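For reference, the structure discussed in these notes is given below.
The values are calculated or read from the model by the stated rules, or taken from the named source; none is laboratory data. Because the structure is a prediction, the values reported are computed rather than measured. FYI the Cβ positions are ideal-geometry reconstructions off the backbone, even for glycines, and counts take in every protein chain you see. Ligands, DNA and RNA are excluded from the accessible area calculation, which covers all protein heavy atoms including side chains. Shrake-Rupley method; radii C 1.70, N 1.55, O 1.52, S 1.80 Å.
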Amino acid sequence: MRAYIEDIARHEGQEVTIHGWLHNRRSSGKIHFLIVRDGTGFIQAVMSKAAVGDEAFARADHLSQESSLSVTGIVRADARAKGGYEIDVARLEVHSEAHDYPITPKEHGPDYLLDRRHLWIRSERQTAILRVRHEVIDAVRDFFNSRGFILCDAPIFTPAACEGTTTLFPVPYFEDHTAFLTQSGQLYNEANAMALGKVYCFGPTFRAEKSKTRRHLTEFWMVEPEMAYADLDDVIALAEGLIASVVARVLDTRKTELEILERDASTLERITPPFPRLTYDEAAALLKEKGLPFQYGTDLGGTDETVLSEQFDKPVCITHYPASVKAFYMKPDPRQPDKALCVDVLAPEGYGEIIGGGQRLDDLDLLLQRIKEHDLPQEAFEWYLDLRRYGSVPHGGFGMGIERCVSWICKLEHVRETIPYPRMLYRLYP
RNA sequence: UCCUCGGUAGCUCAAUGGCAGAGCAUCCGGCUGUUAACCGGAGGGUUGCUGGUUCGAGUCCAGCCCGAGGAGCCA
């Protein structure tokens, strides 16, 4: 009977066949220990010379790492085994031998591994991370779907910058046209919210900044919800609910993976709403108190975010940034018009911003003024201005970077491990 | 674009300006409970590239290439 390693406990005492690959092999003369992986997990297959005969035993002695094979044998509980179970091999069938597999069971540098990312993802640690990524994405979708949000994706090819400031990737678009890869579905999301009420988009996002840090990818995945008839408090409550829900799901279904990653689950168990909130002014005062060289009126830097997030054991919401450091579409606070009704959520343990959003500017005249102030071409935004011409309402939303979120939940050193094929400043292969 | 660090065997790394080394991987041999198994043996080198200093350069100097971390930048 065919079985998967993740279900092996259900097959104790039965004879099963595992189809997979040889992860590692140890031998002790008349007994081989084959570590087999099948994509769902790892298990040790024990092969004794007495059980399989001299010929089969000798063949297994030369089996190389990552050769594809099927092992058949009885599942046995064993306290010495990592997952609690082993297979006593009765038959072993080799499908394809691998020669000189480049990723050996010893240390490798990041450059070497990234050049072989297509093979690196076979490792136990990388499969654990990619499983957590899958769970995070699934939890995000369930969260919005169960709350009446409609998935309504924004285009990847866009005609111009959503904002004038950031660097975009240009792509030729038939004769004489240049399209740009999206850096946000935000503006389209606003139009979709006016059509469908509560929407979200979820897709790849492209940033051509020459950022070279552990928090940056040039291609990453972002989920962006947007709600009509919503204010800043609604946006913050939604962000809290999303993060708490995603963390709870990973704790519920991916305990094994968190153990493989040596991630302390107790720090994640504290992630329940409400999250602490600080205004920009309060954050600035706190940074000054801590003796950081922070200049009031500027955006928070990487170090500032790290120090702030380390003050709390939950994600922290920073609101009311100066309007001047935020995007043109942010609504100013009526009580203090130099501040924006915006929120950034900083992940704990120094992981920095994972969510950015806020309430959108819904007044036509003020929006026109902001477009002028930011030196943006008004004609490119006529469709966006129509949303204010035809039944404008208070609305808002946010964007959450999936890789930064996974990186925090898994407590990784670098976001490059959270996506199957990372795209970075100097890396486009494989 | 700037700052810092790095590039030596397939991999991870040693080597005061004086014979190019170790562990792992590979190959051969040994071992019936190994957990990155262990023990014995063998093969494996254009020291990133170009030039310079020197009796002598992996090592010092200059330029370049590549990478890492950070800064700037970045919803």
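On the stretch given as region A:65-90, residues that are surrounded by 14 or more Cβ atoms within 10 Å (Cβ to Cβ) and in a strand (DSSP E or B) total 14.
With respect to (1) modelled with pLDDT of 95 or more; (2) under 22 Å from the mean Cα position of the chain (by Cα); (3) over 22 Å from A:Arg133 (Cα atoms), the lone exception for A:Leu181 is condition (1). Has region A:212-226 got at least one residue that is open to solvent by 50 Å² or more (accessible area, probe 1.4 Å), touching a residue at least 24 places away in the same chain (Cβ under 8 Å), farther than 25 Å from A:Ile156 by Cβ and more than 14 Å from RNA strand B (Cβ to nearest atom)? Looking for residues that are open to solvent by 50 Å² or more (accessible area, probe 1.4 Å), touching a residue at least 24 places away in the same chain (Cβ under 8 Å), farther than 25 Å from A:Ile156 by Cβ and more than 14 Å from RNA strand B (Cβ to nearest atom), one finds none in region A:212-226, hence no. The criterion of at least 3 residues that are hydroxyl-bearing (Ser, Thr, Tyr) is met by none of the strands (runs of 3 or more DSSP E) wholly inside region A:262-358.
Across region A:103-115, the qualifying residues are those that are part of a loop (DSSP other than H, G, I, E, B) and open to solvent by less than 40 Å² (accessible area, probe 1.4 Å), and the one among them that is nearest to RNA strand B (Cβ to nearest atom) is A:Gly109.
Return yes or no: is A:Asp338 acidic (Asp, Glu), without any contact (Cβ under 8 Å) to a residue 40 or more places away in the chain and open to solvent by 10 Å² or more (accessible area, probe 1.4 Å)? So A:Asp338 fits the description; yes.
Would you check if there is a residue in region A:88-97 being within 11 Å of RNA strand B (Cβ to nearest atom) and farther than 30 Å from A:Pro422 by Cα? Looking for residues that are within 11 Å of RNA strand B (Cβ to nearest atom) and farther than 30 Å from A:Pro422 by Cα, one finds at least one in region A:88-97, hence yes. Among the residues making up region A:166-211, those that are open to solvent by 40 Å² or more (accessible area, probe 1.4 Å) and more than 14 Å from RNA strand B (Cβ to nearest atom) are A:Pro170, A:Pro172, A:Tyr173, A:Phe174, A:Glu175, A:Asp176, A:His177, A:Thr178, A:Met194, A:Ala195, A:Leu196, A:Lys198. Restricted to region A:52-64, and to residues there that are more than 8 Å from RNA strand B (Cβ to nearest atom) and open to solvent by less than 70 Å² (accessible area, probe 1.4 Å), the residue that is farthest from A:Arg25 (Cα to Cα) is A:Gly53. A count restricted to region A:116-165 and to residues that are acidic (Asp, Glu) and either open to solvent by 70 Å² or more (accessible area, probe 1.4 Å) or at pLDDT 95 or above (or both) stands at 4.
Selection of first residues in region A:53-64 that are assigned by TED's automatic domain parsing to the domain that holds A:Phe33 and of second residues that are in a helix (DSSP H, G or I) and open to solvent by less than 50 Å² (accessible area, probe 1.4 Å), restricted to Cβ pairs under 7 Å at least 6 apart or on distinct chains, gives an empty result. A single member of A:Val36, A:Val75, A:Val16 is away from RNA strand B (no atom under 13 Å from the Cβ) and in contact with a strand residue (DSSP E or B) (Cβ under 7 Å, 6 or more places away or on another chain), and it is A:Val16. Candidates are the residues of region A:14-51 that are basic (Lys, Arg) and touching a residue at least 12 places away in the same chain (Cβ under 8 Å); the one that is least open to solvent (accessible area, probe 1.4 Å) is A:Arg37. Just so you know, in region A:230-241 the residues that are touching a strand residue (DSSP E or B) at 6+ places or on another chain (Cβ under 7 Å) and in a helix (DSSP H, G or I) include one that is surrounded by the fewest Cβ atoms within 10 Å (Cβ to Cβ), and it is A:Asp234.
Residues in region A:406-430 that are away from RNA strand B (no atom under 13 Å from the Cβ) and in contact with a strand residue (DSSP E or B) (Cβ under 8 Å, 6 or more places away or on another chain): A:Trp408, A:Ile419. If the condition is being open to solvent by 20 Å² or more (accessible area, probe 1.4 Å) and either without any contact (Cβ under 8 Å) to a residue 12 or more places away in the chain or within 18 Å of A:Tyr321 (Cα to Cα) (or both), then region A:265-291 contributes A:Ser266, A:Pro276, A:Arg277, A:Leu278, A:Thr279, A:Asp281, A:Glu282, A:Ala285, A:Leu286, A:Lys288, A:Glu289, A:Gly291.
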